[in-house]
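Comments concern the structure below.
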Amino acid sequence: MTVSKKKNNFYLLGKMVVLTALSTFAVTPSAIAQTGNDLSYFVTSSGSNACVCNPADPFDPQARMPKGTFKGQCLNCEQRAVKLLSPSEAAPYKPAPGSMVLANFKHKGKFWVAQIPRNAVADAIFQIQYYSVLRSPYSAHGQLRFRLKPGYEAILVPQSKTTSGVPKAVRVRDIVYVANGIGVKSAGWNPISGLIDFYAIAQEITALEDRVIDAAQFPFTDRVEQIRLALTPQQKQQLLINAIHQSDREGTSVMYDTLNRNCTTESLRIIDRTIGYNPKILPQEQQEYFVSLPMGVDFNQAALNRELTSETLNEFLAEQIKKMPPIQLPTAPYDAIVRRGLVNSQSKLPNLEQEFAAEFKNKKR
């Protein structure tokens, strides 16, 4: 057997292993038929031309689904990309010189205007959330955590004129960039949705506290690894700036794709822009494909309601992987950051469930 054939067989064998693992996490046409769900179940109509979530919120994006079956329909009100405020928009909030001021920062189920000081980032951390139903280094949710320096916390003020019962200002030291799946307002849940181009991506900036709760309550969370990225102080600051700019620039205009545009790919795009890395120059067999699921409000709620089970997800994941080049394996998120030279002896941190043991101890299963 030639070296080339051996290499091809190695990749094919690895791919078969991945597909076999994925087959434990499946949805079948017969299962869908038994529930009585079809595409018409999702279609929703609106009597208004405006996608208004909160008339008293000056930064309500009134977002619509950009493509797909629900194109033009209103996106749900619980997720938003951030809006970077212009100097005139930021002026009423009296920001400190050099601060970034952004609207639609998410914290405790509300949206805030956040002021983030210049040179605030102490650590940039890559978080990898692995699933208990698919124990594989390939299938995971990736996001970016930013730990701010003491005295450089983000200052949040309510952005809705109707907000009541909350302090005038809140300080947050840990913030997270996350690219989640976002669906339309009144579409019913079906696991197929996020896997066949029915979800957009909401590039959110949130408080770490919110992401801890999400990870702890999600029934299929196995663990959340945290890797401190080996970046210079300047790169850490730029990484946060790039995350905010990417969210502001793209909003919810990009569709979710199980392999090519998902939580991990969007986080890595920000990293690559910051460090000047171009993964496209790699040989074909090293091109990156990340297997992920459309984490977000709809997905998490379906899991909590037991509408999403380990038997209801993977035929479509498997079909997506079959579309990859014949000698290509998915990429493990951890391997991707190692490949970029971002892991060193100082990178290992306690897992999120260790850092926030009390929150995870009380999680709902």
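None of the figures in this text is laboratory data; all of them are computed from the coordinates on show. In this text the structure is predicted, and so the values were computed from the model without any measurement. Neighbour counts run over all protein chains shown; Cβ positions are idealised from the backbone, glycine included.
Using the structure shown, list the pairs from LYS67/LYS185; LYS110/LYS168; LYS71/LYS185; LYS149/LYS348; LYS236/LYS280; LYS106/LYS185 with a Cα-Cα distance above 21 Å, or answer none. Working shown, then result.
Values: LYS67/LYS185 15 Å; LYS110/LYS168 13 Å; LYS71/LYS185 12 Å; LYS149/LYS348 19 Å; LYS236/LYS280 23 Å; LYS106/LYS185 18 Å.
Going by Cα-Cα distance, LYS236/LYS280 fall outside the 21 Å limit.
At what distance in nm do the modelled label points of SER136 and ASN119 sit from each other, each positioned 7 Å from its Cα along Cα→Cβ?
4.6 nm
Taking the Cβ of ASP272 as the center, what net charge do the other residues with Cβ under 12 Å away carry, scoring Lys and Arg +1 and Asp and Glu -1?
Working: positive: ARG269, ARG273, LYS280, ARG339, ARG340; negative: GLU266, GLU288.
Summing Lys and Arg as +1 and Asp and Glu as -1 gives +3.
Suppose R0 equals 22 Å. What FRET efficiency, 1/(1 + (r/R0)^6) with r the Cβ-Cβ distance, do GLU250 and GLN62 give to the nearest 0.05?
Efficiency for this residue pair is about 0.85.
How far apart, in nm, are the 7 Å Cα→Cβ label points at GLN286 and ASN362?
4.8 nm
Distance in nm between label sites at THR232 and ILE213, each 7 Å beyond Cα in the beta-carbon direction?
Output for this residue pair reads 3.9 nm.
Multiply the residue gap between ALA91 and ASN344 by 0.36 nm, knock off their C-alpha separation, and tell me the result in nm, one decimal place.
Extending this stretch completely gives an extra 86.9 nm.
Can you tell me which of 71-77, 96-102 comes out highest on packing, and rank the rest after it, using the mean Cβ neighbours within 10 Å?
Peptide ranking by packing, descending: 71-77, 96-102.
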